[in-house]
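Okay, so here's the structure we're looking at.
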Amino acid sequence: MKLLLIHDEMLNASLPIFEAHADRPRVFVFDPAFIAQQGWRRRRLQCIANALSSIPAVRVFKGALVDVVAVLGLADSAPHRETQVVT
Amino acid sequence: MIATATVVKTAVVEFTLAADRDSRYQQIRELFPDIPGTDCEWDGTREAALAALTNVDALAYARTRNYIDGNVSRLSPYFRHGVLTLNEAARSAITQYRAGAHKFVFELAWRDYWRRVWAERGTSIHAPIETPKVALGDLPLPDDIREARTGLACMDRFARDLTGSGYVHNHARMWFASYVVHHRKVDWRAAADWYYGELLDGDRASNTLSWQWIASSFSSKPYIFNRENLEKYTSGEFCNHCAKRDTCPFEASYETLHAKLFAAATRP
């Protein structure tokens with residue numbers, strides 16, 4: 001499965017990368033370990049959620065990034081294909 | 001709400017962001033019950049960012065940006081999360097104001113510069129980039145600063161702004177950082193980490209390197225200010241009712257302050 005992994009510095013669907021990879025599922029992950037490491041407060045997560053709400057067709061997860069990518073890769077009907085991530 | 005989320009693996013939850021803001025905020029509260037902090041006062045959407053950009057008054061910004069009630073853009077959370085790009089903002093201001101956009105674009109350039117330094121140096125920006133020009137302290141961040149209990153009306157307000165909304169006026173950030181690093185001798189890295197987490201627009205490059213700039217490990221001298229400067233840009237808003245107005249630590253000339261803060265340990 002090929003993904004467009006949206007990170008916290010690209011919360012804007014008009015950025016060129018979205019058009020360049022328009023065929024890829026858009027995924028954003030709230031990773032609890034990363035959030036704790038950053039020291040972010042609740043308002044920051046809500047701010048990110050607000051920005052995500054204006055990006056069409058983004059799938060939003062809570063979990064460890066590696067687990068989310070693994071889940072999405074395993075969900076592919078052709079398991080021999082690697083999960084490919086673009087950020 | 002959580003009820004609409006799908007558990008696809010024990011530790012992985014997929015959820016659909018609610019269309020209305022209040023419900024989205026509730027989703028975040030439920031999904032991250034252990035994350036402290038206030039609710040977000042910022043819209044954060046691309047639509048709101050574009051609307052805010054059209055409201056930028058580059059001429060008023062140039063004249064008044066250093067005043068605590070001045071005309072500032074409040075675009076930084078959008079820049080931090082890519083909701084708005086620096087190029088978009090610069091183009092918009094230059095198109096509308098031509099040469100009058102200079103100061104606004106100049107400040108955008110600072111943000112771009114910090115990011116380029118970060119891109120080149122990576123995580124090493126969390127250590128002093130240069131030898132500090134004065135001796136710096138290494139104390140942990142005290143609770144009275146973190147909890148806005150210093151008794152200094154200005155600093156306590158700036159701390160409450162930080163932990164309340166996550167947004168602090170740029171000049172207030174400079175005053176606050178100078179107080180923390182140079183008056184209280186706190187390790188700038190501890191202060192910068194705390195500040196980054198609390199900010200809505202916290203950005204590793206701008207935040208960390210700005211603290212280094214204040215401290216003098218990424219500038220030619222430490223940044224200090226005096227009461228006259230703070231009163232001028234705050235119209236006396238804090239000093240008039242400050243419990244410590246008669247023992248203000250900032251009430252001095254720059255020469256006196258410099259001698260008091262650094263004389264014993266100024267490095268060659």
Using just the C-alpha positions of region B:134-268 as equal point scatterers, what log10 of I(q)/I(0) does the Debye formula give at each q in 0.11, 0.19 1/Å?
-0.36, -1.16
Could you tell me how many degrees, from 0 to 90 and to the nearest 10, lie between the Cα long axis of helix B:204-215 and the main elongation axis, the longest principal axis, of the Cα atoms of chain B?
10
Share (percent) of C-alpha pair distances in the protein assembly as shown greater than 40 Å works out to 19
Average other protein chain Cβ within 10 Å of Cβ, residues B:35-41:
6
In whole Hz and in residue order, list the ³J(HN,Hα) couplings for region B:47-61 that follow from phi through the Karplus curve 6.51 cos²θ - 1.76 cosθ + 1.60, θ = phi - 60°; x for Gly and Pro.
4, 5, 5, 5, 5, 5, 5, 5, 8, 5, 10, 5, 6, 5, 4
Please give every one of the aspartates and glutamates within straight-line cross-link reach of residue B:232, meaning a C-alpha to C-alpha distance under 19 Å, and leave out same-chain neighbours fewer than 8 residues apart.
B:69, B:156, B:246, B:251, B:255
P(r) over all Cα-Cα pairs of region B:22-70, 10 Å bins from 0 to the longest distance, whole percent per bin, short to long, reads 20, 30, 27, 20, 3
Just how many % of Cα pairs in region A:13-61 lie over 15 Å apart, if you round to the nearest whole percent?
52
Between region B:200-253 and region B:92-107, how far is it from one alpha carbon centroid to the other, in angstrom?
27
Length gained, residue B:235-residue B:253, 0.36 nm per residue minus C-alpha separation, equals 4.6 nm
Would you pull out the residues with amide H under 5 Å of residue B:224's amide H, same chain only if 5 or more places away, H placed 1.01 Å from N?
none
Compute the distance in nm between two label points, each set 7 Å from the Cα along the Cα-to-Cβ direction, one at residue A:36 and one at residue B:244.
3.5
What FRET efficiency comes out for the pair residue B:60/residue A:15, r = Cβ-Cβ distance, R0 = 30 Å, nearest 0.05?
0.55
Under a point-charge model restricted to the Cβ atoms of Lys and Arg (+1) and Asp and Glu (-1), what is the dipole moment magnitude of the protein assembly as shown relative to its Cα centre, in debye to the nearest 20?
580
About the Cα centre, and with charges only on the beta carbon of Lys, Arg (+1) and Asp, Glu (-1), how big is the dipole of region B:130-268? Nearest 20 debye, please.
280
Please name which of B:194, B:150, B:256 has its Cα lying farthest along the dipole of region B:145-268 towards the positive end, using unit charges on Cβ (Lys, Arg +1; Asp, Glu -1) and the Cα centre as origin.
B:256
Positive-end extreme of charge dipole, chain B - chosen from B:243, B:222, B:79 (charges on Cβ)
B:222
Counting each DSSP H run of 4 or more residues in the protein assembly as shown as -39500 (n - 2.57), what helix-only mean residue ellipticity at 222 nm follows after dividing by all residues, to the nearest 500 deg cm²/dmol?
-13500 deg cm²/dmol
Short version: ³J(HN,Hα) in whole Hz for each residue of region B:182-196, in order, from phi by Karplus 6.51 cos²θ - 1.76 cosθ + 1.60 (θ = phi - 60°), x for Gly and Pro, what are they?
9, 8, 9, 6, 7, 4, 4, 5, 5, 5, 5, 5, 4, 4, 4
Set the bar at 23 Å for Cα to Cα. Now go through B:185/B:260; B:103/B:133; B:133/B:244 and name every pair that lies beyond it.
B:103/B:133; B:133/B:244
Starting from the Cα coordinates of region B:52-164, work out the convex hull volume and express it per residue in Å³.
168
As I understand it, the value is the acute angle between the Cα axis of helix B:86-97 and the longest principal axis of the Cα atoms of chain B; what does it come to in degrees, rounded to 10?
80
With 10 angstrom as the radius, rank B:25, B:254, B:223 by how many other C-beta atoms surround their C-beta, starting from the fewest.
B:254, B:223, B:25
Treating only the Cβ atoms of Lys and Arg (+1) and Asp and Glu (-1) as charged, compute the dipole magnitude of region B:19-169 about its Cα centre; round to the nearest 20 debye.
700
Which angle from 0 to 90°, rounded to the nearest 10, does the C-alpha axis of helix B:153-165 make with the longest principal axis of chain B?
20
DSSP bridge orientation in the protein assembly as shown - percent antiparallel, rounded to nearest 5:
35
For chain B, with +1 on Lys and Arg beta carbons and -1 on Asp and Glu, the positive-most of B:132, B:177, B:19 along the dipole
B:132
Pairs of alpha-carbon atoms within less than 8 angstrom and 6+ residues apart define the contacts here; what relative contact order does chain B have, in percent?
18
Treat the count of other C-beta atoms within 10 Å as a stand-in for reagent exposure and order A:71, B:72 from fewest to most.
A:71, B:72
Expected sort for B:221, A:62, B:244 with the fewest Cβ neighbours (10 Å cutoff) up front is B:221, B:244, A:62
Calculated on alpha-carbon atoms, Rg and Dmax of chain B in Å
20.4, 64
Show me, bin by bin at 10 Å from 0, the whole-percent P(r) of region B:210-268 based on Cα pairs.
21, 43, 30, 7
For residue A:30, list long-range residues whose amide hydrogen, built 1.01 Å from N in the peptide plane, is under 5 Å from its own amide hydrogen.
A:61, A:62, A:63
Can you report the principal axis dimensions of region B:1-126 using only the alpha carbons, biggest first, rounded to whole angstrom?
56, 37, 26
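Values in this text are rule-based calculations from the coordinates and carry no lab data. All values reported here derive from a predicted model rather than from experimental measurement. Using ideal geometry, Cβ is built from the backbone for each residue, glycine included, and neighbour counts are taken over all protein chains shown.
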